[in-house]
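Participant: Below you will find the structure I want to go over with you.
The values are calculated or read from the model by the stated rules, or taken from the named source; none is laboratory data. Worth saying up front: this structure is predicted, and the values here are computed from it rather than measured. Backbone-built Cβ (ideal geometry, glycine too); neighbour counts: all protein chains shown. To get the accessible areas, we keep the full protein, side chains included, count just its heavy atoms, and leave off ligands, DNA and RNA. Shrake-Rupley method; radii C 1.70, N 1.55, O 1.52, S 1.80 Å.
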Amino acid sequence: MTKKILTSDQRDALQEVTNIAMGQAGASLAQVLGEFVQLSVPQINVIELEEINQALAMLVGATTVVSAVRQAFTGALRGEAVAIFDQEGCIELAELMGYEKELTPKAEQELMLDVANVLIGACIKGITKLLQTDITFSPPSVMAKNMPIGQLMHPSTMEWKLALVTEVNFALEKGRFTCHLTQFWPESSIVSLAEALDKFIESF
């Protein structure tokens, strides 16, 4: 069930802020890879905890095998970002980043952490800068490797029951690499987010 928890103006502002921040993240990734990066239009949904894997499967593809990196952030706004990688694109990504040897599990993990750090850092920092709030990051960690998307999230480990979810797909203009960057804003953070969006709207 999807609930309306933002006004239409707040939702439009969040989409604009997310679009700007994701563009900055895409530019950062393009600089690292030396390739043009395409971005999808940000999707914004409100999801209940028991629906999370189903919702991700709809975004990524129900039969997709993925690897993922998660990173939490705290402060005036609190939440978690998850970078979901299409497994087939990891080999291509390694080539673009100069990995000349066989892609070992350790090297693949380092690769995902490096790319996730670039995307998550640029995106979340971009959003919080536009909303004039301060946050701190926890260290990123690999949460899954070669796992069906429908098994990615474990509701029993989550501390929220309802979350605002924003998602953008990054893909290379020429290549197979894709990454879905998903942000979860739990119910405890949504009021603060709405207030920050109101201030953003009033600044124009």
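Participant: Per residue, how much accessible area does region 101-165 show when a 1.4 Å probe rolls over the protein heavy atoms, in square angstrom?
Facilitator: 55 Å²
Participant: Under the rule of -39500 (n - 2.57) per DSSP H run of 4 or more residues, summed and divided by the residues of the chain, what mean residue ellipticity at 222 nm is obtained, to the nearest 500 deg cm²/dmol?
Facilitator: The helix-only estimate for the chain comes to -14500 deg cm²/dmol at 222 nm.
Participant: Any idea what the relative contact order of the chain is, in percent, if you count C-alpha pairs under 8 Å spaced at least 6 apart?
Facilitator: 35 percent
Participant: Which is farthest toward the positive dipole end of the chain among Ile190, Asn146, Met58, measuring Cα position about the Cα centre, with Cβ charges +1 (Lys, Arg) and -1 (Asp, Glu)?
Facilitator: Ranked along the dipole, the leading option is Ile190.
Participant: Can you compute the charge dipole magnitude of region 1-105 about its Cα centre, using +1 on each Lys and Arg Cβ and -1 on each Asp and Glu Cβ, nothing else charged? Give it in debye, rounded to the nearest 20.
Facilitator: 420 debye
Participant: Can you give the charge dipole size of the chain about its Cα centre, rounded to the nearest 20 debye, using +1 on the beta carbon of Lys and Arg and -1 on the beta carbon of Asp and Glu?
Facilitator: 200 debye
Participant: Taking the full set of protein chains and a 1.4 angstrom probe, give the accessible area of Ser8 in square angstrom, rounded to the nearest 10.
Facilitator: 70 Å²
Participant: What is the extension gain from Thr63 to Arg176, computed as 0.36 nm multiplied by their sequence separation minus the C-alpha to C-alpha distance, in nm to one decimal?
Facilitator: Working it through step by step, the gained length comes to 39.0 nm.
Participant: Students often get this wrong, so check it: of Lys106/Lys174; Lys106/Lys129; Lys145/Lys199; Lys101/Lys129, which have C-alpha atoms separated by over 31 Å?
Facilitator: Beyond 31 Å between Cα atoms: Lys106/Lys129; Lys145/Lys199; Lys101/Lys129.
Participant: How large a share of the accessible area of region 73-202, in percent, is made up of carbon and sulfur atoms when the probe is 1.4 Å and the other protein chains stay in place?
Facilitator: Ligands and nucleic acids excluded, carbon and sulfur reach 50 percent.
Participant: Ranked from highest to lowest mean number of other Cβ atoms within 10 Å per residue, what is the order of the peptides 173-185, 27-39?
Facilitator: Sorting 173-185, 27-39 by mean packing, highest first, produces 173-185, 27-39.
Participant: List every DSSP H helix in the chain whose Cα atoms extend 30 Å or more along the helix's own long axis and whose mean Kyte-Doolittle hydropathy is at least -0.5.
Facilitator: 8-33, 105-130
Participant: Rank by packing, highest mean first: peptides 120-129, 149-158, with packing defined as the count of other Cβ atoms within 10 Å averaged across residues.
Facilitator: Ranked from most to least packed, the peptides come out as 120-129, 149-158.
Participant: Another one. Just check region 54-167 against the gyration tensor rule for me: Cα atoms, a ≥ b ≥ c as the square roots of the eigenvalues, rounded for a/c under 1.5, and otherwise prolate or oblate depending on whether a/b exceeds b/c.
Facilitator: Oblate.
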